[in-house]
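> First the structure, which I've put down as structure tokens, then a few questions once you've had a look.
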Amino acid sequence: MKRRTAIKALGLTIPSLWLSKSIAKSSFRTLHTNAPIAKVDFKPDWKSLEQYQVPNWFRDAKFGIWAHWGPQCQPERGDWYARGMYEEGSDQYNYHVEKYGHPSKFGFKDVINEWKAEKWDPEMLLDLYKRAGAQYFVALANHHDNMDLYESSHQPWNSTKIGPKKDLVAGWARAAKKRGLRFGVSVHAAHAWTWYETAQRADKKGSLQGIPYDGKVTKADGTGKWWDGLDPQELYAQNHPLSKNAKDSGAIHSQWGWDVSSGVNVPSKAYCENFHDRTIELIDNYDPDLVYFDDTVLPLWPIDDAGLRIAAHYYNVNQQKNKGKLEAVINGKILNEQQRKCMVWDIERGQSDQIEKEPWQTCTCIGAWHYDRRIYENKSYKSAKTVIHMLADVVSKNGNLLLSVPLRGDGSIDSEALKTVEGIASWMEVNGESIIGTRPWKIFGEGPAMDGVAPLSGPGFNEGKNKPLTAEDIRFTTKAGIIYAIVMGWPETGSVLIKSLAKEKHEVKKVSLLGMNDRLTFKQTAVGLEVTLPNVTDREQAAYALKIG
């Protein structure tokens, strides 16, 4: 009881898992009761969370890779499969009926049972990601499909008991930490309540018209089946009325922020507490440096304070473990100015158009968030060049890039995705100095692509809507008194004019090209800094970084 009292005095909670004998067996599970008192005792409210400061490791990292990989990758038919398969007439529904059968007979719970992750090799993958220059790695801990990919005492539908029967988060964490990478987890399950509402539907036509899909099956329905003893409602969470306009599959987007005026069906307190307990368990047992929430602001905000309580707990425990130094990062979306002081703003598939005062992050994928075989077959992944241009642009504006690399259901990486990652690795080997550990210069760049920038839409989604970056576009970073001018291609003239480095603005003493030791010839005038580029054979690189002192 003394230990409980001491922890409560620090404003922390005691998850029941700490008292479980089974929990003590895992090497990732540590009770931090003997840690020193932290500098800040965070409370679950916005004013208290404003004391947060982004750790230097995240400011320096700039580039992370994400395995947005879970059971929805098993069908290899793209993102939001566990929702789309219940939308009659949709591509995923038609595919599901042909591959697996009707969703009244073979639901997503059964897809999970098919998923074995038999070719998953986190050691090989983390070697690849580190070679590509990633400074942190993020693993999917759960998605809107509500399955936990770790040993969860609050969610029986987890990867140690069903599907792969492996602790996937533990495997990722071991591989990342072994290579000195910061480790993160992404958490998406708060939305299962509304996201799975399509599973309550039935066909409107055909031979199975009116027969409900499996969204409301119960534990009793599993007698004699593979899922005997499991309650599908702990996965689907559909024992509730539908949200307003639930028959419109697009209505969920207007209800994502849990605004009750939107007609969203509000989750029960038990559902919110279960999500809270699962996430606290994840944080306490796997010790992530970063927690990415796929939510407007924080999970279940503002209808419940579960997200605020999770944030305060995470910050308190993390800084205790680090002897008073807070090393934790939380990502949230669509943040106001106050909230951007409390966590790190994430922009999904999009970029800011200015240098942001606070560090931020772009998250994107080279393909679909969940594996889509067609993207591989059509060779339509983002190229290494596209990713490198995005990385330079984001970093020049005080941001980080978190890049998802799709994995097949079996856990393997296909040859086209590998090609993109290897291309990034080759570029970073030479030019990583201009990215890692840098800070924004006084301006982020110059060139024609700066005109007419597309605005953000909701959580982001302005990716690909702006002018493509070319050799006329430059992005700036700086480190230790050096300016890096990243030129987005090889100029046909063989020289670069950097207008922002005109003679009266900044005195330049030397210029070199990363990857070459020789100093370059340059002329600095009132018009700008004109640099004569060396005669190189490879003029097809994504970008070229000038080092200016």
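To keep it simple, each residue is scored yes or no on (1) closer than 18 Å to residue 39 by Cβ; (2) touching a residue at least 40 places away in the same chain (Cβ under 8 Å).
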position: 290; (1), (2): no, yes
position: 303; (1), (2): no, yes
position: 314; (1), (2): yes, no
position: 317; (1), (2): yes, yes
position: 320; (1), (2): yes, yes
position: 336; (1), (2): no, no
position: 340; (1), (2): no, no
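> Any idea which of 467, 503 is without any contact (Cβ under 8 Å) to a residue 60 or more places away in the chain, more than 20 Å from residue 544 (Cβ to Cβ) and surrounded by fewer than 17 Cβ atoms within 10 Å (Cβ to Cβ)?
Matching residue, one of 467, 503: 503.
> Any chance you could count how many residues in the stretch 330-348 are surrounded by fewer than 17 Cβ atoms within 10 Å (Cβ to Cβ) and within 14 Å of residue 461 (Cβ to Cβ)?
Number satisfying all stated conditions: 0.
> Go through the residues of the stretch 162-173 one by one and say whether even a single one is closer than 16 Å to residue 234 by Cβ, aromatic (Phe, Trp, Tyr) and in a helix (DSSP H, G or I).
So far as the stretch 162-173 goes, no, none of its residues is closer than 16 Å to residue 234 by Cβ, aromatic (Phe, Trp, Tyr) and in a helix (DSSP H, G or I).
> Can you spot a residue in the stretch 156-176 that is assigned by TED's automatic domain parsing to the domain that holds residue 119, over 18 Å from residue 115 (Cα atoms), out of contact with any His (no Cβ under 9 Å at 6 or more places or on another chain) and free of Cβ contacts under 8 Å to residues at least 24 places away in the same chain?
no
> If we scan the stretch 424-433, do we find a residue that is of a type outside the set (S, T, N, Q), surrounded by fewer than 16 Cβ atoms within 10 Å (Cβ to Cβ), out of contact with any helix residue (DSSP H, G or I) (no Cβ under 9 Å at 6 or more places or on another chain) and touching a residue at least 40 places away in the same chain (Cβ under 8 Å)?
yes
> Further question: Could you check how many residues of the stretch 149-161 are surrounded by fewer than 20 Cβ atoms within 10 Å (Cβ to Cβ) and of a type outside the set (Ser, Thr, Tyr)?
2
> Being in contact with a Lys or Arg (Cβ under 6 Å, 6 or more places away or on another chain), within 22 Å of residue 496 (Cβ to Cβ) and at pLDDT below 95 is the filter here, so list the residues in the stretch 408-455 that pass it.
Residue satisfying the conditions is 449 alone.
> Are any residues in the stretch 103-148 buried (at least 22 other Cβ atoms within 10 Å of the Cβ), of a type in the set (A, V, I, L, M) and within 16 Å of residue 170 (Cα to Cα), and if so, which ones?
117, 125, 126, 138, 139, 140, 141, 147
> A follow-up question, please. Just to confirm my filter: which strands (runs of 3 or more DSSP E) fall fully inside the stretch 433-549 and include at least 2 residues that are closer than 30 Å to residue 294 by Cα?
439-446, 474-479
> Of the residues 518, 538, 473, only one is closer than 24 Å to residue 390 by Cβ and exposed (fewer than 13 other Cβ atoms within 10 Å of the Cβ); which?
Of the residues listed, the single one that is closer than 24 Å to residue 390 by Cβ and exposed (fewer than 13 other Cβ atoms within 10 Å of the Cβ) is 538.
> Is it the case, given these coordinates, that residue 481 is surrounded by fewer than 13 Cβ atoms within 10 Å (Cβ to Cβ), out of contact with any Asp or Glu (no Cβ under 6 Å at 6 or more places or on another chain), modelled with pLDDT of 95 or more and over 25 Å from residue 384 (Cβ atoms)?
So residue 481 fits the description; yes.
> Find all pairs meeting these conditions: Cβ atoms under 7 angstrom apart; at least six residues apart or on different chains; first residue within the stretch 391-412 and more than 19 Å from residue 126 (Cβ to Cβ); second residue of a type in the set (Phe, Trp, Tyr).
Close Cβ pairs (under 7 Å, with a partner that is of a type in the set (Phe, Trp, Tyr)) amount to 391/63; 396/444; 396/476; 397/444; 398/360; 399/360; 409/115; 409/371.
> So if I check each of 495, 457, which one is in contact with a Gly (Cβ under 9 Å, 6 or more places away or on another chain) and either of a type outside the set (Lys, Arg) or surrounded by 21 or more Cβ atoms within 10 Å (Cβ to Cβ) (or both)?
None of the others qualify; the one that does is 457.
> Right, something else. Determine which member of the set 192, 237, 202 is touching a residue at least 24 places away in the same chain (Cβ under 8 Å) and in contact with a strand residue (DSSP E or B) (Cβ under 6 Å, 6 or more places away or on another chain).
Only one candidate qualifies: 202.
> For the stretch 179-266, which fully contained helices (runs of 4 or more DSSP H) count at least 1 residues that are loosely packed, with under 13 Cβ neighbours inside 10 Å and in the same structural domain as residue 89 (by TED's automatic domain parsing)?
Ranges flagged: 251-254.
> Need the failing condition index for residue 270 against (1) closer than 22 Å to residue 157 by Cα; (2) outside any helix (DSSP H, G or I); (3) among the small types (Gly, Ala, Ser), just the number.
Result: residue 270 passes all but (2).
> While we're here: What's the total number of residues in the stretch 335-388 that are basic (Lys, Arg) and under 22 Å from residue 308 (Cβ atoms)?
Total satisfying the criteria: 2.
> Do you know which residues across the stretch 42-99 are surrounded by 15 or more Cβ atoms within 10 Å (Cβ to Cβ), acidic (Asp, Glu) and farther than 30 Å from residue 131 by Cα?
Matches in the stretch 42-99: 87, 88.
> Given the criterion at pLDDT 95 or above, surrounded by fewer than 22 Cβ atoms within 10 Å (Cβ to Cβ), of a type in the set (Val, Ile, Thr) and over 30 Å from residue 423 (Cβ atoms), identify the matching residue among 303, 310, 355, 375.
Unique residue meeting the criteria: 303.
> Which of (1) within 17 Å of residue 235 (Cβ to Cβ); (2) within 22 Å of the chain's Cα centre (by Cα) does residue 129 not meet, given it meets every other one?
(1)
The values are calculated or read from the model by the stated rules, or taken from the named source; none is laboratory data. For clarity, every value in this text was computed on a predicted model and none was experimentally measured. Reconstructed Cβ throughout: ideal geometry from the backbone, glycine too, with neighbour counts over all protein chains shown.
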